[in-house]
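What follows is one structure encoded as structure tokens, with my remarks underneath.
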Amino acid sequence: IVGEGAGKEKLLNLAEEKSLKNINFCPLQPFELLPSVLFAADCHLVVQRKGVADAVLPSKLTNILAVGGNAVITAEEETELGILCEQHNGIAVRVEPESIDELVKGIQIAVGCSKPNAVAMGYAKKFIDKEFVLERFEQSLLELQGNRI
């Protein structure tokens, strides 16, 4: 677990209380190490509350997809994140929000997936990669300009 979030102290105490030896806690890492830190993870959690998944697209998800990470996303089926998981089978494991049982099952599935996640990387390359997005935007501007002539 990497970072210095508000819940870190609680997680540290819980891991110690349960004598968990398979969890490492690391401080926040420099930005330039982000891709390698993300790639090193066995599973990424993108946790959303019910009713929030359409209000906020988690920015960390773009980086997770770009490195081919295996993610568990808590999102309702009809939200943008839910639809993303449905339309791009294998991009992530979607589970219902606020269900511990579902989250545990999702983590078990994600940890068993091959790495890197080719579906996630392909999606990122096609829809998130800055150069590709700018190229498509430029092409649409040229098409618009051509339609006006």
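Which trypsin sites (Lys or Arg not before Pro) in region 1-92 pass both tests, a DSSP loop state and at most 14 other beta-carbon atoms within 10 Å? Intermediate results must be reported in sequence, preceding the final value.
Numbers: sites: LYS8, LYS10, LYS18, LYS21, ARG49, LYS50, LYS60; in loops: LYS18, LYS21, ARG49, LYS50.
Passing both the DSSP loop test and the Cβ count: LYS18, LYS21, ARG49, LYS50.
Check which residues have an amide H placed less than 5 Å from VAL93's amide H, if you skip close sequence neighbours.
Answer set, sorted by chain and number: ALA71, VAL72, ILE73.
At 222 nm, what value in deg cm²/dmol follows for the chain if DSSP H runs of at least 4 each add -39500 (n - 2.57) and the sum is divided by all its residues, to the nearest 500?
Working: 7 runs with 70 residues, N = 149.
My calculation for the chain gives -14000 deg cm²/dmol from helical runs alone.
Using alpha carbons only, how many degrees (0 to 90, rounded to 10) separate the axis of helix 130-148 from the longest principal axis of the chain?
30 degrees
Under 17 Å between alpha carbons: how many lysine pairs meet that in region 6-149, if sequence neighbours fewer than 8 apart on the same chain are excluded? Don't skip to the answer; put the middle values down first.
Working: LYS8/LYS18; LYS8/LYS21; LYS10/LYS18; LYS10/LYS21; LYS60/LYS125; LYS60/LYS130; LYS115/LYS125.
Value for region 6-149: 7.
So if I average 1/r over every pair of distinct C-alpha atoms in region 30-111 and take the inverse, what Kirkwood radius in Å does that give?
12.8 Å
Which entry in (1) 39, 36, 29; (2) 58, 47, 23; (3) 71, 35, 29 is this structure's computed Cα extents along the principal axes in Å?
(3)
When the convex hull of the Cα atoms of region 74-144 is projected onto a plane and the area is averaged over all directions, what value comes out in nm²?
It is 6.0 nm².
No value in this document is a laboratory result; all are computed from the given coordinates. Note that this is a predicted model, so its numbers are computed, not measured. Quick reminder, even Gly has a Cβ in these numbers, built from the backbone with ideal geometry, and neighbours come from all protein chains shown.
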